Amino acid sequence: VEVSAQTGMEVQKPNPIRMQLFEILQERIIRRHLVSPSQPLDERNQQYTAALHCLRTLLQSARVVEGTTLHAQGNRLDVDPKLLGQLFLSIAAKTIGSPTLQQQQQRYYASVDLCLKLLIALVQRHPESASSQLMPLLLLSHHDDNNDHGSLNYGRHSHAKEPSSIFLKVLRAQSFNIARAEWADSSTRKNNPHVAATETNEAANLGVLLLDHAPPSLMDQWLKSSRTGGRSLTFGDKIRAAVKHWIEFCQDCLAAPEQSPQAHDNGEMALLAGTLLRRIPFYSMLENDSLLRAGADLARVLFQRFFECESFSMSQNCRADRGYANALLKAIGGSETPQGVVLKMTLPVKCALDSQISDADAGEDVMSRLLKLSTDQSQNHPKSSAMNGQAVLRAMLRTHPGPFLEQQNLWTLFIDHVGGFDPDRQQRSVPQDCIQALAIFLEGRMDILGEQTDATGTFPEKVAENVVPILTGVLADEKNSPLKTFALASFGSLLPSDWKTIRERNRSLAFDCIDLVMAICRDENASAKLRKAAFKGLGDVCTNYFAIFKGTPESTAINDENKRVCHKVCECLEGELRSDVNGSSSMALYAFGNLVRIVNDISSLLLEPSTLEKFAALLLRACDANSECKSAVVDPKTKTNAIRGLSHLLCLLYSSTNGNTRFTVYQEKIDCSSILVRTCNSLSWFVQQTVSIAQSEDNKSNAITETDSKKRVLSWKERAAIKKLGWGACHALSLILSTVQHVGLDDKSFEATQQCIRILMDCVVNLHRMNEKVAMIAMSALRSVDLSVSRISELSVGRAQQNSLVLGPLIATCLDYAFLATETKIKQSDGGDESLSPKLRIQLNNLLLHMLACCAVSDAEVLLFQTLKASDNDSTRKGK
């Protein structure tokens, strides 16, 4: 990694010495493989074995220094995956038929183990590329030798069907050897080097890596059912059969009697099972698909082994291994990816649970057993640091809360689990886990039901009767307990139908709940983390509570009630934004954005104009580009939420669709034009900074902020913060421009909005340089605006010629870049680096169609001239 002295940017270059070493080592492997392809790697081949160890070390060091390379055309791999795959298969094939002498076993097992570790290092270095080539090679490799009485025997579980793939034979053999090693006593293991060599299931670890890094699109393509109707098997049919065998043998290994409940190394095979359930695209399969049925059977075995392992550890009063729990967590989902996406439950696990619920003779279902296990661990083992039942239960509640909503027995067990504790107990870890489970359940329920205002069944009654008393009891506790964080999240996850039921049962209770949340927001003794959770919960409560009144005319008494609630919320938020003692202003801005967004949908609710003016000033101060105390790198979330709040505030001020009365009041009593101009200037600055960063990175020049007098080079963290703010600014402009376009604007406001459109078009001009998310939202913002020249002329008298000159160049730029996009595609097919993603191409075409559709007949002359000009520019560029 070199750092440019001129630009200060990091530039990665391959180490030439390491690349030469890769070539030399590969040549040596090829020569040895051609001479003796199936000989073991032992002390008689020390030089060759050392070369393989060296190759593994080089791959590991390259991954640490240079990182990983993605699967793409033109990428050069350090080592050919097929070469190492063939090396492993040749040695493994010899191992399968090797004599049963212990000395011979040790030699071949060491050889296979070394090859597996080398393949693992290769996949870690080139994840997608190596996985794409190795997985078919390993799964479709067959061993036809009938002499399977050698070292890879299967112990007492001999009735299981033998795998035909060499890789699966090695995988299963290592699994059973580990099981036998766990049953062996310590003295036997010390005297048996063969057992010590197989304590780690490297084949299972390799399988996990291959599945995790294989491209999803490639997996979909491989596992499609054959529709040719021919007798010969296609490549996809062979892969499907191999994957099915993989699932079945993984199930056999976990269900075998050799696998003892206390075997810690079973976690590797269990994790492989969970990875199979997660990574195989079951969602595209029919219910009667044999592959899906095999996955459901594997899920049932995982649950069975999990409960056996937990029961054994609790009976022996020892810490349970997390192997089976980790496998179930991966298959069930519920965790959040770095992109912010919550993983859903895999289809085989869901099928296994549903089939057990529908089967009356299946005995106690998984959900009931899991609830009882979690309750037992919470009450009887509160100090345990590995309560696996709680972790699996939380994942189940997040991804599959349906059974708890539908079955009364499960709901009763769940409430006993959550509320069956004494708040005055000293062991605070137990109730914390229980309240956390409740918060996760309500969050998962919200994802399934959405923002429903009508009561669904009797569950809102259960929330009002069982859940709310628990939550209010936690928040009313004077102690600064970690429980309050989860209770606040639970209040934020209550649906509008829940609040509607709470109001109908006890109206004062609904107000008391909101007051309890605001009390924590005002509590100066509360920790910063707790206050942030309180403000976020307050914002979510505002969204769901006021959604009850959306779209329905309300009486004067109810409007007065809502005004009082809004006034109290605004006072709470204003106090926080003016003091910002504990650094909770970001979540306070988030709450205000939620409030004005939902109020905009309630035509009968009018916020005080003076209050809105105060918040406008606070939001503009937070977005001020010249404010040193509000730097983007210090707290980008504060600026992001301020941008969001400003967009919703302007939509409220300029929205005339929900009644002209409120619009007229705001226009008369608030200087809306000044707020709009200042907001457009701030948002334009953020977008312009994003464009400048993209241009500087593309030209490898200095990325310098315009406000920095020292002309310093921005770090990657600062550049990432500016890009994020640029995305938020584009989204805010989309809301603002689509709202104000139907309102007559004065000269300053009109010029500010036109400047915003020009800035958004700068993102289109620099499309191949821009961050894809920013470019997509910028084009979406332009599509939300009616760009008709005639319409703008009607709203702004005397600007017809000026407006025609505004739209003409914009369309010309889009046309010109459409030609450039085509040219870039041709360049990419020749091996270039630049290309536009399919999403960007579709959005660009949609933007062009939208702009042309906005034009009137009177604009034809200008547009025709600009189109011909763009075409001439394209011809000139190609001629050069």
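The values are calculated or read from the model by the stated rules, or taken from the named source; none is laboratory data. This structure is a prediction, so every number in the text was calculated from the model and none was measured. Neighbour counts are summed over all protein chains in view; Cβ atoms, including those assigned to glycine, are modelled from backbone coordinates with ideal geometry. Surface areas here come from the heavy atoms of the whole protein model, side chains and all, with no ligands, DNA or RNA. Shrake-Rupley method; radii C 1.70, N 1.55, O 1.52, S 1.80 Å.
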Order these peptides, 597-604, 57-64, 322-329, 522-529, by their mean beta-carbon neighbour count within 10 angstrom, highest first. 322-329, 597-604, 57-64, 522-529
Quick one: 3J(HN,Hα) in Hz for region 520-534, Karplus 6.51/-1.76/1.60 with θ = phi - 60°, rounded, Gly and Pro as x. 5, 4, 8, 5, 6, 7, 6, 5, 4, 5, 5, 5, 4, 5, 5
Extended-chain gain in nm, criterion 0.36 nm per residue less alpha-carbon gap, residue 304 and residue 564: 88.1 nm
Distance in nm between label sites at residue 621 and residue 670, each 7 Å beyond Cα in the beta-carbon direction? 1.8 nm
Using a 1.4 angstrom probe with every protein chain in place, what is the largest-first accessible-area order of 287, 697? 287, 697
Among 506-514, 776-784, the order from most to least packed when residues are scored by Cβ within 10 Å on average: 776-784, 506-514
Using alpha-carbon pairs under 8 Å, 6+ residues apart, how would you state the relative contact order of region 499-597 in percent? 36 percent
For a 18 Å ceiling on Cα separation, which of these pairs sit above it: 532/717; 724/773; 330/532; 484/532; 614/637; 244/344? 532/717; 330/532; 614/637; 244/344
Between the residues 588, 542, 567, the Cα farthest towards the positive end of the dipole of region 512-617, that dipole coming from +1 and -1 charges on the beta-carbon of Lys, Arg, Asp and Glu, is from 588
Using each residue's phi in region 585-600, evaluate 6.51 cos²θ - 1.76 cosθ + 1.60 at θ = phi - 60° and report the 3J(HN,Hα) Karplus result to the nearest Hz, with x for Gly and Pro. 5, 4, 6, 5, 5, 4, 5, 5, x, 4, 5, 5, 5, 6, 5, 4
Could you order 670, 558, 842 by accessible surface area, starting with the largest, using a probe radius of 1.4 Å? 842, 558, 670
578, 369, ranked by accessible area, largest first (probe 1.4 Å): 578, 369
Which order do peptides 687-695, 19-27, 393-401, 569-577 fall in by mean Cβ count within 10 Å, highest first? 393-401, 687-695, 569-577, 19-27
Rounded to the nearest 10 Å², what accessible area does residue 717 show when all protein chains are kept and the probe is 1.4 Å? 130 Å²
